[in-house]
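The values are calculated or read from the model by the stated rules, or taken from the named source; none is laboratory data. Because the structure is predicted, anything quoted here is derived from the model rather than measured. Ideal geometry is used to build each Cβ from the backbone, glycine not excepted, and the neighbour counts take in all protein chains shown.
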């Protein structure tokens, strides 16, 4: 599934991830991560799986029961990834029976322990307050991966005590979402949001996911246009002109430093339609 702006020429899909995307003449997506390091880690996972298969190694060291005994999230998720990459291998099937070897070399069987520690360190690079920017879309960059959590309407969040009565009064029937930064599909516990109550120009950054309206985004279908909607921040207190996800109109993604996404009062053309840089849409399913 992909969120993209009104002027997006085409969607970009990264695995099963959820992307925030804004496109002008080229595709751009929101990013919260460490580009080169995360891409290198993803490459290392594939290389490790290929090496294990080429050496006629076993996937038994990646059994989830082994890694569930240790309190290391990166180790468990690395084992899961390697096991998934080796699933269905004809080479593995060729030596399941009567293999005389006792175990694989250390460099193969201990990949989850070694690489998992690296993954845990990389996750520390995604810090609370890290800016959300736009970056050229790619189908191999885990720094662009976000997952979506949709748990109901604004009214349901209000009943749970997560949003204000004012937000509920104006938008009770609208759907609300959280977007978690999840490189390679691995959740970071950090979501796209604002550090303080939304106001004019408040920067959008990675914030702890969970029980706060500041990481909640409401799909404003009242201003629906051709399948695109503004995204209202859940901490909004300006209900006549709500604070919505915004890309700075005088900026371009190649600017240095990279322009940070902000929230801004909902802005409309004289025709009554919302500015393009505040309109977002979504596409479901596997995309070309």
remark   = Of the residues in region 74-131, those that are under 21 Å from the mean Cα position of the chain (by Cα), free of Cβ contacts under 8 Å to residues at least 12 places away in the same chain and within 13 Å of residue 48 (Cα to Cα) number 1
request  = Return the only residue of 224, 206, 174 being under 19 Å from the mean Cα position of the chain (by Cα) and closer than 22 Å to residue 281 by Cα.
outcome  = 206
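Being assigned to a helix (DSSP H, G or I) and either touching a strand residue (DSSP E or B) at 6+ places or on another chain (Cβ under 6 Å) or surrounded by 19 or more Cβ atoms within 10 Å (Cβ to Cβ) (or both) is the filter; apply it to region 46-75 and report the residue that is modelled with the lowest pLDDT.
Of the residues in region 46-75, the ones assigned to a helix (DSSP H, G or I) are 46-54, 60-62, 64-67, 73-75.
With either touching a strand residue (DSSP E or B) at 6+ places or on another chain (Cβ under 6 Å) or surrounded by 19 or more Cβ atoms within 10 Å (Cβ to Cβ) (or both) added as a condition, the list becomes 48-49, 52, 61-62, 67, 74-75.
Working: 48: 93, 49: 93, 52: 93, 61: 91, 62: 93, 67: 90, 74: 86, 75: 90.
Here the residue is 74.
From the list 253, 288, 257, exactly one residue is modelled with pLDDT under 90, more than 18 Å from the chain's Cα centre (by Cα) and within 30 Å of residue 80 (Cα to Cα). Which is it? Give the steps one after another, and end with the answer.
Numbers: 253 fails: within 30 Å of residue 80 (Cα to Cα); 257 fails: within 30 Å of residue 80 (Cα to Cα).
Checking each option against the conditions leaves just 288.
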ask   = Would region 261-281 turn up any residue that is within 19 Å of the chain's Cα centre (by Cα), part of a loop (DSSP other than H, G, I, E, B) and under 16 Å from residue 203 (Cβ atoms)?
value = yes
query = Checking residue 2 against (1) at pLDDT 80 or above; (2) within 19 Å of the chain's Cα centre (by Cα), which test does it fail?
reply = (1)
